[in-house]
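Heads up: the structure comes next, in structure tokens.
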Ligand SMILES: *Cc1c(COP(=O)(O)O)cnc(C)c1O
């Protein structure tokens, strides 16, 4: 038997040393971010209560590349470059002529792609003399990643964790606390936003939008504190582009170029990180289909509208133009907790408007079917979020089988699911239910958009 190459491992010395900024290459400039009170474009000074200036400048950067500071590179090297795998066993299990590759971010300390931005965000705050950060977390992945990064740099961290997850996922909380973070269920009595929600509904399960309101308020009211967001913003997406840049070098080694790429989208950061460097090539004329995979229960790109909306529920954040289900959207309790945000990163949304990417939505039982199929072939238990990309990739591989086409498929495996065994337990017990978000609910939430 000919030895088949399975892992494409880049030398540390070949790890990319700059992040890629898609805004530099898009044919139109991104729409401005607007002040929630005045409706006028916000300037860097408006964002200063929340973010250190270096990150604000990255947010509005028009340079094509931003150098990765040496100290951040040194921490990246603890787990990067991450491996690119050829899924030989999955290909055989599917009996497909397609070649399937996956880029695996689960080797990071947090088990996902999120440390790629948590580390630089903590570092730039440290440089600016910030002592304390606040953030929100849904299922806990972002809170875990940021608590690790804050521990590296000696920064205090308070995490507002969506209440339903706080009680469903006590081990995530334990992980954050082990790294020294403080974690409270949101809505909490610690902020005006939290108290208002609790007054209206003491039983509120919380949502990412509510937790963002709390974390933003906490940071805005304290001089020693800034706020950190794990997805959606331009600088967050840019930090993730090391994923796609590495994947391109690794695919070159495999003598391959993807016909189609699948990534899962919550706020859009891992998808952007993997695909933006490929969109750069697509803009230069190279052919590649790029598909964003989202849950049918939170169909932001496939059924939301492209409009200005708030990033949070209490209407405190600036207005950004994005695909949105409305800031009052409350998602069903699907297990892919990281994919339950009402909005989509403005740059991912713009790429969709420009037809540079496509989107598909999948119900969760089909997603878990794909996840288990993948796990049994490849031995890695995927995060429920990542399993959406796997579902897209497996469907494509089966279409290749029908058509007898040997396409090259690249899947973004954003993390492992070793902390998500409650979800797999439900799947194995046959207790998973599918949610199709009702059109009437979408219309109700969209009717509350600020600028329509
Ligand atoms: C948080 C998370 C996501 C969703 O967030 P994006 O910003 O859309 O990437 C996807 N996969 C994993 C493993 C996550 O932890």
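The values are calculated or read from the model by the stated rules, or taken from the named source; none is laboratory data. From a predicted model like this one, the values you see are computed outputs, not experimental measurements. Methodologically, a virtual Cβ is constructed for each residue, glycine included, from the backbone with ideal geometry; neighbour enumeration extends over all protein chains shown.
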Would you point out which residue out of 360, 405 is in contact with a strand residue (DSSP E or B) (Cβ under 8 Å, 6 or more places away or on another chain) and surrounded by fewer than 21 Cβ atoms within 10 Å (Cβ to Cβ)? 360
Test residue 305 against the criterion of being surrounded by fewer than 24 Cβ atoms within 10 Å (Cβ to Cβ), within 14 Å of the ligand (Cβ to nearest atom) and in contact (Cβ under 8 Å) with a residue 60 or more places away in the chain, and give yes or no. no
Give the residue that is farthest from the ligand (Cβ to nearest atom), with candidates limited to residues of the stretch 111-138 that are outside any helix (DSSP H, G or I) and farther than 17 Å from residue 179 by Cα. 129
I'm checking my understanding of the structure. Among residues of the stretch 312-345 that are within 12 Å of residue 446 (Cα to Cα) and outside any loop (DSSP other than H, G, I, E, B), which one is farthest from the ligand (Cβ to nearest atom)? 324
I'd like the full set of residues that are more than 16 Å from residue 77 (Cα to Cα) and not in a helix (DSSP H, G or I), limited to the stretch 9-33. 20, 21, 25, 26, 27, 28, 29, 30, 31, 32, 33
Kindly evaluate residue 211 against the criterion of being within 22 Å of residue 319 (Cβ to Cβ) and surrounded by fewer than 24 Cβ atoms within 10 Å (Cβ to Cβ). no
Taking the stretch 153-169 as the region of interest, how many residues are within 23 Å of residue 118 (Cα to Cα) and under 22 Å from the mean Cα position of the chain (by Cα)? 10
Of all helices (runs of 4 or more DSSP H) fully inside the stretch 229-286, the set with 3 or more residues that are away from the ligand (no atom under 16 Å from the Cβ) and surrounded by fewer than 24 Cβ atoms within 10 Å (Cβ to Cβ) is 242-253, 269-283
Output for the stretch 84-109, where each listed residue is under 19 Å from the mean Cα position of the chain (by Cα) and assigned to a loop (DSSP other than H, G, I, E, B): 105, 106, 107, 108, 109
What is the number of the single condition among (1) crowded, with 23+ Cβ neighbours inside 10 Å; (2) under 28 Å from residue 21 (Cβ atoms); (3) in contact with a strand residue (DSSP E or B) (Cβ under 9 Å, 6 or more places away or on another chain) that residue 220 does not meet? (1)
Can you name every residue in the stretch 74-83 that is in contact (Cβ under 8 Å) with a residue 40 or more places away in the chain and more than 20 Å from the chain's Cα centre (by Cα)? 75, 77
Top-ranked residue of the stretch 83-93 - restricted to ones that are surrounded by fewer than 20 Cβ atoms within 10 Å (Cβ to Cβ) and touching a helix residue (DSSP H, G or I) at 6+ places or on another chain (Cβ under 6 Å), ranked as farthest from residue 405 (Cα to Cα): 89
Quick one: which of 394, 411, 390 is more than 16 Å from the ligand (Cβ to nearest atom) and surrounded by 24 or more Cβ atoms within 10 Å (Cβ to Cβ)? 394
Return a yes/no flag: does the stretch 245-266 have any residue that is under 9 Å from the mean Cα position of the chain (by Cα), touching a residue at least 40 places away in the same chain (Cβ under 8 Å) and at positive phi. no
Please work out which residue is surrounded by the fewest Cβ atoms within 10 Å (Cβ to Cβ), limiting yourself to the stretch 364-377 and to residues that are within 14 Å of residue 90 (Cα to Cα) and away from the ligand (no atom under 16 Å from the Cβ). 376
Within the stretch 166-200, can you find the residues that are at pLDDT 95 or above and part of a loop (DSSP other than H, G, I, E, B)? 179, 180, 181, 187, 188, 189, 190, 191
Look through the stretch 139-162, keep the residues that are under 26 Å from residue 193 (Cα atoms) and assigned to a loop (DSSP other than H, G, I, E, B), and return whichever of them is farthest from the ligand (Cβ to nearest atom). 155
